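The values are calculated or read from the model by the stated rules, or taken from the named source; none is laboratory data. Note that the structure is a prediction, hence the values are computed from the model and not measured. Reconstructed Cβ throughout: ideal geometry from the backbone, glycine too, with neighbour counts over all protein chains shown. Heads up: the accessible areas ignore ligands, DNA and RNA and are worked out on the full protein's heavy atoms, side chains in. Shrake-Rupley method; radii C 1.70, N 1.55, O 1.52, S 1.80 Å.
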Amino acid sequence: PLTFFSIHTTCYCDHSETSFIDRIQTFATPTSQVHKTNIFKMRAVFILQHHGRSRLVPSSPSNKNIQGVAAVLLQHQTRSRSTFSSPSALKSKINAAYSLASRQTFKDIKSKFFKSTSVQAATIISEKEEEKEQRTTTKKQGSKYITDFGIPSLVPEWKKMFNKDTIFTDVSAGLTVGCVAVPLSLAIAVASGVPAEVGLVTAAVSGVAGGLMGGTTLAITGPAAAISLLVVGAVEAHGLEALPVITLACGGMQLASGMTRLGVAAKLVPISVIAGFTTGVGTLILTGQIPKALGMSAPAGMNPIEVLGFIGENVGSINPSAAALAIGTSAAMFALPKIHPKMPSALLAVGGATLATHAFGLDVQLIGTLPSGLDAFQFGIPSLPAVDSMPSLVATTFLIYAMTSAESLLSCAALEKMKKTSYKHNPDQELIGQGLANMGSALFMGMPVTSVIARSGLNVRLNAESRLPALVQAGFVFSSVVFLSDKIATIPMPALSGMLITTGLGMLNPTEFKHCYAVQKMDAVPFMATIGGMISFGLAEGIGIGCASALAINYKDWAAGQAKMSVQEVEGVPLPHVTPSTVLSLGGAAALAHHHGDWHKVVNMHLHDRAMHSEVDPLHVSGRYHEGTVWQLDGPVNFVSMFEIDNMMRRIEEQQEAETRPLPIVVDMNGVTALEFTGMEELVNRLLETSNGTPVKMINCNNDVQKALDQCDPNHEIIRFSSE
């Protein structure tokens, strides 16, 4: 009976205790008669599933019967006969279970409470309270502007950095990430055409601001390879002295965008274009570093084909020592992570190349003298350039702002999928954090930064739990500059070239394009157009060509009068009562065949995959189809749908505040005419963020929608209902 009713008691959420017990006795099988203790067990399941909405909530968690019920229930859910080390631990978890039951969904409790008996109940309650406080603080900030930089919602995050249970893991993760950040920052500075110390200073300063103020808990901020060629172009066009001005202006625009809640605007760049930009940058980095890895000095301004021709014409001038170091460094960076994924491969590869250089006396170029101590950190206010150069400078700044913002938000969205945290990813807060990071970098004569997925991903793999690793890695980089500048100066340049070659190769096969192509084959056009434009004409021109081609693909929707997606609210309609016995005998799909409502769009829907939904959904066994709003989407869901999606989420949040109890979010996809990965991923991510643990359901999903969901929601967090 416990197993049966832990799945099927959801239909009785509005009945009295007497009615509930009567129904349990009615459906009990003769071979398993319901005794008083079993009824207590079922009541516990019922209470946890409906988190305090019924009159069955116990008045006192200390009641012995309820303690016994909870003990049985907890042991049942953890599939263990002995899950508690002491009576005090048992009591703590019982009290925590009912505390959670009064305000959280059964799904949240089961996933975060029952799966690991080693997790302390107090920690879980603290996380839930922090989530609630974050949502409350965000609402108090007002719907229009964030005037306090989001600090109130970040205070609980800062407190978590000093949690004695996680501080050791976080410090270890930060040190490991710092070991990777030092050589990578050096290499990216070299690729960006700026002095090596600029990369280190930038990583140290921006890491603190981005880590404390960013919108993603585990993100690491610093110089990024994808932006390096934009920096090269800025330096070549305006000089090194203009770089702090560009960085400061970029940061100011990001800060303003975040405070005015325009983070969604940074997502208007199609992911297919960003993927093409990443691949194009990887191609240019790769071909630009090959001559340096071979000990050659290629003329500036050559395209990849010209570079390859130059190498072929000057084969005789190859430096074997430089080539060996570059190949060895690149091979080590490929091989070491396969041995152990948490290994700081960049540090070991560059360190090994440095030792080999000096042990064998190899004749290769070194980084050279760096400013020692605190002299590397030169604080100053960037000076404005000449007035006649302002138009070009503004265009360069806007391009860097657009790409750094898009890159950061894309990285953080990917990071959020890698590991969920109590603090939900906030695009506006992320832009505030990146803006402050860029402005801080500019004040120390640094370069533009982004949230970098490689170092952030390593942080996740190292089991980091708070923002502390971002600060620790920044401190590690700072210490390296202050105390180890003489050692850093001895690093061979071919080793950095080998590292950049590895980075460039990794950028040639972006995962994002695979997702885009799986959703819409025509996304190959803006992807290729961006790459071709970057290689043939330049970075800015390539991005412009890619965006124009992405817009052209959607021209057919404009011609049909469907330029953008629209959202309509439809109230739930009556549904004939479906009894538990009907559900059990017919199954979820057959039970839906009993539907005789007048809403034609839901008559033929059926469950897409019953394995994804392990319990009978109260949506189908209650007296109504759905008591709340059904959100009907019409038109194309693509990258120009960002504002409509954002408005829809705000309306959903307003309705959730007004509801006395949480209801599933139901989205009707019947009117969707076209799909593109950028828009669909935004829709999925925002729905899951807004749901706060309540179920999200998509109905009338055709094959195209199903394929798109497979790419955007691989873990099947959204419950799908097919229209075919």
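Quick look at the values:
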{"item": "Accessible area per residue in Å² at 1.4 Å probe, computed on region 148-219", "result": "30"}
{"item": "Point-to-point label distance, Arg651-Met343, nm (Cα→Cβ direction, 7 Å offset)", "result": "5.4"}
{"item": "Distance between modelled label sites at Asn702 and Lys420, nm, 7 Å Cα→Cβ extension", "result": "3.2"}
{"item": "Loop-located chymotrypsin sites (Phe, Trp or Tyr not before Pro) in region 456-548, at most 14 other Cβ atoms within 10 Å (DSSP)", "result": "Phe537"}
{"item": "Charge tally in the Cβ shell below 15 Å around Ala275, where Lys, Arg are +1 and Asp, Glu are -1, Ala275 excluded", "result": "-2"}
{"item": "Average accessible surface area per residue within region 304-415, 1.4 Å rolling probe, Å²", "result": "54"}
{"item": "5 angstrom amide H check on Ala674, placed H, neighbours 5+ away", "result": "Val637"}
{"item": "With every protein chain in place, region 354-481: carbon and sulfur % of accessible area (1.4 Å)", "result": "66"}
{"item": "Gap separating the Cα centres of region 159-198 and region 218-255, nearest whole Å", "result": "19"}
{"item": "Cβ-based net charge around Ala353, under 15 Å, with every Lys or Arg adding one and every Asp or Glu removing one", "result": "+1"}
{"item": "Amide H contacts of Leu366 (H built 1.01 Å from N, under 5 Å, at least 5 apart or other chain)", "result": "Met493"}
